[in-house]
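Student: One structure is given below, represented as structure tokens, and several questions about it will come after.
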Amino acid sequence: MSRLSHVDELIAVLSRYGRIKERLAVTKLKTPEGIVETAAYQCMFRLAIAPLRSGELAEQIFADPSTVSRHIAHLVDLGYVRREADPRDGRATILVLTDTGNRQVEAVRKHRLHALEAMLDEFSDDEIDNLTHLMSRFVDAAEVLANRVDDTVTPDQPRHEEATR
């Protein structure tokens, strides 16, 4: 199989995965505090690492700032996130995960762990290790590309002489 064929096959697999991910991203999880879109958990998972300004959060999760703002407003209403003065600049605010938010993140992590364990049940430990290594390399390369791309990318057009052949 040629490299181009391998790349085409990878694109097809990634497309299938993308459709599944999109379907799961629009689902909602019922929590004791209310309904949360699964996409909002990206914000919570990142804030579980460290508090951030809203713009920093949007940048780190590759999301539109208005989408992050909508998710954060809902997460604040649920008591999962609170706004605090930024110690670096008191005029700005940072987003901080609350204790309730941390408990919810842990509950979702456990749920995901069980689901992933079930998905990988037929994989050997070596296969999981290899998958993790290769996916990490792939995602690292994708992040480098994403940081170089803006929203106005146009695919290269074939030169006139190629188009007329």
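The values are calculated or read from the model by the stated rules, or taken from the named source; none is laboratory data. For clarity, every value in this text was computed on a predicted model and none was experimentally measured. No Cβ is skipped: glycine too gets one built from the backbone with ideal geometry, and neighbour counts run over all protein chains shown. Please note that ligands, DNA and RNA were not included when accessible areas were found on the heavy atoms of the full protein model with its side chains. Shrake-Rupley method; radii C 1.70, N 1.55, O 1.52, S 1.80 Å.
Student: At 1.4 Å probe size, with no ligands or nucleic acids counted, give the accessible surface of Thr93 in Å², nearest ten.
Tutor: Near enough 70 Å² of accessible area.
Student: Can you give the helix-only mean residue ellipticity at 222 nm for the chain, where every DSSP H stretch with n ≥ 4 adds -39500 (n - 2.57) and the sum goes over all residues, rounded to the nearest 500 deg cm²/dmol?
Tutor: Mean residue ellipticity at 222 nm (helix-derived): -20000 deg cm²/dmol.
Student: Taking all protein chains in place and a 1.4 Å probe, what share, in percent, of the accessible surface of the chain do carbon and sulfur account for?
Tutor: Answer for the chain: carbon and sulfur cover 55 percent of the accessible area.
Student: Any idea what the relative contact order of the chain is, in percent, if you count C-alpha pairs under 8 Å spaced at least 6 apart?
Tutor: Dividing the mean separation by the residue count of the chain yields 14 percent.
Student: Any idea of the accessible area per residue across the range 12-63, 1.4 Å probe, to the nearest Å²?
Tutor: Here the residues of the range 12-63 average 64 Å² of exposed surface.
Student: Here's something else I'd like to know. What is the magnitude of the charge dipole of the chain about its Cα centre, with +1 placed on the Cβ of each Lys and Arg, -1 on the Cβ of each Asp and Glu, and no other charges, expressed in debye to the nearest 20?
Tutor: My answer is approximately 600 debye.
Student: What trypsin sites (Lys or Arg not before Pro) in the range 93-124 are in a loop by DSSP, with at most 11 other Cβ atoms within 10 Å of the Cβ?
Tutor: In loop regions of the range 93-124 (DSSP not H, G, I, E or B), there are no sparsely surrounded trypsin sites (Lys or Arg not before Pro).
Student: Say each of Thr132 and Glu106 gets a label point 7 Å from the Cα, pointing the same way as Cα to Cβ; how far apart are those two points in nm?
Tutor: Between Thr132 and Glu106, the simple spin-label model gives 2.2 nm.
Student: Under the rule of at least 5 residues apart or a separate chain, name every residue whose amide H is placed under 5 Å from the amide H of Thr98.
Tutor: Those qualifying (amide H under 5 Å, at least 5 residues apart or on another chain) are Val81, Arg82.
Student: Send over the Kirkwood Rh of the chain, from the inverse of the averaged 1/r over different Cα pairs, rounded to one decimal Å.
Tutor: Computed over Cα pairs of the chain, the Kirkwood hydrodynamic radius comes out at 19.1 Å.
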